[in-house]
Amino acid sequence: MQNITIAIDGFSSTGKSTIAKQLAKHLGYIYVDTGAMYRAVTLFTMRNGFIDSEHFDVVALVSKLNEVDISFTFNVELGFAEVYLNGENIEKEIRTLEVSSFVSKVAAIPEVRYQLVKQQQQMGKDKGVVMDGRDIGTVVFPYAELKLFMTASAEKRARRRYDELIDRGDKVTYEDVLRNVQERDYIDTHREDSPLVKADDAIEIDNSDLTLESQFEKVLELVNTTLDKL
Ligand code: DC
C-alpha cells in the first residue's frame with residue numbers, strides 16, 4: 001500500500017498528539033510532534049537566560065541557534081518517540097507551564113521556524129508520517145494527502161491541560177492554564193510568520209464532545225478514503 005503524509009494542525013490542547021500517535025501506531029507510520037521541537041528551542045532559550053517574564057533577547061538566541069540539536073528516539077515502553085536536546089532527554093522538562101508561557105514567543109521568530117521547518121521536511125521526505133503542529137498543512141507539507149484541523153472550546157482544552165499537569169504533580173490553577181491557552185491562541189494566530197490557519201483543503205474536526213474512540217473511528221475513515229483515492 002502506498003504511504004501518505006498526514007498533517008494535523010490546530011489550537012493547543014485539542015488532542016492533536018493523541019490522535020497522531022493512535023494513527024501512527026495503527027498505520028506503522030512515524031509520528032513527529034513539532035510542538036516538542038519548538039518547546040525544545042524554548043527550553044534552550046530559558047536555560048541560556050535569553051528569555052524571562054521581562055525580556056527576550058532574540059539576537060542572542062538567533063546567534064546561538066547553530067548550537068541547538070533536536071532529535072527523537074523511539075521509546076518502546078511508551079510507544080512514541082521522545083525528544084532530545086543536545087543528547088539530553090527533555091520530554092518532561094518541556095511540558096511545564098513555564099515553557100508553555102514562553103513557547104509562542106520563541107515560535108514566532110522566523111529564524112527558529114526556518115531551521116525547524118527544514119528539519120521537519122527532511123524527517124517526512126519519504127512519507128509514511130503523521131506530523132502535528134500549527135503550520136504542517138500550510139507550510140511544512142502543503143501537498144500532504146490528508147490534512148486535519150482540530151478545534152475544541154478554550155475551556156475544554158484548558159480543562160484537559162489542567163488535568164494533565166495536575167496528574168504530573170505540577171502546582172497550577174485552572175485559571176492560569178486557561179489564560180495560557182487563550183494567550184497562545186492569540187499569539188499563534190496573529191504572528192506574521194506562518195500563523196495558525198486552517199488550510200483550504202483541511203478537514204475540520206471539533207472534538208469538544210467526541211470520545212477518543214469515536215474521534216479515532218472518524219479519522220480512520222478519512223485515512224481509508226484518502227488511501228482509496230490514490
Ligand atoms: O503543540 P504544542 O502546544 O506543544 O506547541 C507548543 C507551541 O509551539 C505552540 O504554542 C505554537 C508552537 N508551534 C508552532 O508554532 N508551530 C508548530 N508546527 C508547532 C508548534
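Scan region 65-79 for residues that are at pLDDT below 95 and crowded, with 17+ Cβ neighbours inside 10 Å and report the count.
So the answer is 0.
Output yes when any residue across region 163-170 is within 18 Å of the chain's Cα centre (by Cα), exposed (fewer than 15 other Cβ atoms within 10 Å of the Cβ) and assigned to a helix (DSSP H, G or I), and no when none is. Working first, answer last.
Start the filter on region 163-170 by keeping residues that are within 18 Å of the chain's Cα centre (by Cα), which leaves 164-165.
Checking which are exposed (fewer than 15 other Cβ atoms within 10 Å of the Cβ) leaves us with 164.
Going one step further and asking which of them are assigned to a helix (DSSP H, G or I), we end up with 164.
The answer is yes, given that some residue of region 163-170 is within 18 Å of the chain's Cα centre (by Cα), exposed (fewer than 15 other Cβ atoms within 10 Å of the Cβ) and assigned to a helix (DSSP H, G or I).
If a residue must be within 12 Å of the ligand (Cβ to nearest atom) and either modelled with pLDDT of 95 or more or in contact with a Phe, Trp or Tyr (Cβ under 8 Å, 6 or more places away or on another chain) (or both), how many such residues does region 125-171 contain?
Residues flagged as within 12 Å of the ligand (Cβ to nearest atom) and either modelled with pLDDT of 95 or more or in contact with a Phe, Trp or Tyr (Cβ under 8 Å, 6 or more places away or on another chain) (or both) within region 125-171 amount to 13.
Scan region 209-230 and report the pairs whose first residue is touching a residue at least 24 places away in the same chain (Cβ under 8 Å) and whose second residue is exposed (fewer than 10 other Cβ atoms within 10 Å of the Cβ) and not in a helix (DSSP H, G or I), with Cβ atoms within less than 6 Å and a gap of 6+ or a chain change.
That search, which allows pairs on different chains as well, returns Leu230/Gln2.
Which residue out of Ser71, Ser63 is among the small types (Gly, Ala, Ser) and assigned to a helix (DSSP H, G or I)?
Values: Ser71 fails: assigned to a helix (DSSP H, G or I).
Of the residues listed, the single one that is among the small types (Gly, Ala, Ser) and assigned to a helix (DSSP H, G or I) is Ser63.
Of all the residues that make up region 210-226, how many are surrounded by 15 or more Cβ atoms within 10 Å (Cβ to Cβ) and not in a helix (DSSP H, G or I)?
1
Just to be sure before I move on: is Met131 assigned to a strand (DSSP E or B) and within 24 Å of Asn66 (Cα to Cα) in the structure I sent?
When the stated conditions are applied, Met131 passes them.
Can you work out which of the residues in region 15-50 that are hydroxyl-bearing (Ser, Thr, Tyr) and within 9 Å of the ligand (Cβ to nearest atom) is modelled with the lowest pLDDT?
Step one: list which residues in region 15-50 are hydroxyl-bearing (Ser, Thr, Tyr), which gives 17-18, 29, 31, 34, 38, 42, 45.
Imposing the further condition that a residue be within 9 Å of the ligand (Cβ to nearest atom) reduces the set to 17, 34, 38, 42.
On the way: Ser17: 93, Thr34: 98, Tyr38: 98, Thr42: 98.
Here the answer is Ser17.
Looking at Tyr31, is it farther than 26 Å from Pro195 by Cβ and in contact (Cβ under 8 Å) with a residue 12 or more places away in the chain?
no
The values are calculated or read from the model by the stated rules, or taken from the named source; none is laboratory data. Everything numeric in this text was worked out from a predicted model, so none of it was measured. All Cβ positions, even for glycine, are placed from backbone atoms using ideal geometry, and neighbour counts span all protein chains on display.
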